[in-house]
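Some notes on the structure that comes next.
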């Protein structure tokens, strides 16, 4: 099966789960309180467990020497998207929405949508690339992204210190490097027979089970959040069309073009890394953008519309881009 077809099937399947959450929210089965609890569970419990166990399973000194640049790649993706946005934003709306438009263009969904696709395509190697890229992505979002939206980064930098996902990533990498034997805890068949070995394997297995909830819960949470957004599809504003064209088409194509130019210059990424980076660059607007826009004085209505419509149109644009790259 071709990669583009796998991407299409995976995105379509995820969109179905998102729509389940959307319908549940629209029907009142899932309330605001449930949605908030679900989102917090994903961010503060399931995702840190996933990151921690995946870092233990996949990271060692050799891998880190080879992939140490991965956290820096999202910075390139953001800069490319920002330059594309600067060029396109004046064509789609007034100056009063300019900051929000640029912020939405530079903020793709870094983790919860690309993660299951990367896993289906490339297994543990794809998951590792997504999670390591997420380190740089979070730093870029809460610093450069907030600066674009509001012009201030002091509060954003303080928020980084309490980001549980970043702490889990760093802790997993540090533990994997300091104690390489912990990698065996994920293999129950080879777990030690001592009390410590059994307890360690049980704890690892428990964390892995909690981490496995990340993708389905996050998709349901995204759907429930989208279901609460006041989105009108009858008349989309020009600024939204600018976000959609830049986020889903122009920025990914420019990123691919830059990758081709760097490859011809001799700076070629490994195939899995390269394709996962393309996948991340092609993602729709991150669900958290509506929350950040509200917190830092952006256009919340535009952010909500961008999250919903870009997620829908990514059903077409992401598989098409993968077909082009393949």
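Any read-out appearing in this document is the output of simple, stated calculations on the displayed coordinates, not a laboratory observation. Here the structure is a predicted model, which is why all the values come from computation and not from measurement. Here the Cβ positions follow ideal geometry from the backbone for every residue, glycine too, while neighbour counts run over all protein chains shown.
Before moving on, here are some points about what is shown:
- Translational diffusion coefficient (Stokes-Einstein; Kirkwood radius from C-alpha pairs) of the stretch 1-148 at 20 °C, 1.002 mPa s, in µm²/s: 121 µm²/s
- Remark: 18, 173 ranked as 173, 18, counting other beta-carbon atoms within 10 Å and listing the fewest first.
- Convex hull (Cα only) mean projected area of the stretch 16-85, reported in nm² to one decimal: 7.8 nm²
- Efficiency of FRET between residue 32 and residue 323 - r from beta-carbon atoms, R0 35 angstrom, step 0.05: 0.35
- Whole-number Å³ per residue for the convex hull built on Cα positions in the stretch 255-318: 108 Å³
- Degrees, to the nearest 10: 164-178 long Cα axis against longest axis of the chain: 30 degrees
- Exposure proxy ranking, count of Cβ atoms within 10 Å, fewest first, for 289, 133: 133, 289
- Alpha carbon convex hull of the stretch 1-57, projected area averaged over orientations, nm²: 5.5 nm²
- For the stretch 3-318, the Kirkwood estimate of the hydrodynamic radius, built from every pair of different alpha carbons, is 20.2 Å.
- FRET efficiency estimate (nearest 0.05) - Cβ-Cβ, residue 91 to residue 64, R0 51 angstrom: 0.75
- Length-normalised contact order of the chain in % [C-alpha pairs under 8 Å, at least 6 apart]: 34 percent
- When shorter helices are ignored and each DSSP H run of at least 4 residues is given -39500 (n - 2.57), the per-residue value for the chain at 222 nm works out to -22500 deg cm²/dmol.
- Order of 264, 25, 274 under a 10 Å beta carbon neighbour criterion, fewest first: 264, 274, 25
- Euclidean distance between Cα centres, the stretch 198-218 to the stretch 11-27, Å: 24 Å
- Degrees, to the nearest 10: 114-140 long Cα axis against longest axis of the chain: 70 degrees
- Computed from Cα positions, the angle between helix 47-58 and the longest principal axis of the chain comes to roughly 50 degrees.
- Base-10 log of normalised Debye intensity for the stretch 199-326 (one unit scatterer per alpha-carbon) at q = 0.10, 0.16 Å⁻¹: -0.45, -0.92
- Average Cα contact separation per residue, the stretch 58-148, under 8 Å, 6 or more apart, as relative contact order %: 42 percent
- Fully extending the segment from residue 238 to residue 9 would add 79.4 nm, taking 0.36 nm per residue of separation and subtracting the current Cα-Cα distance.
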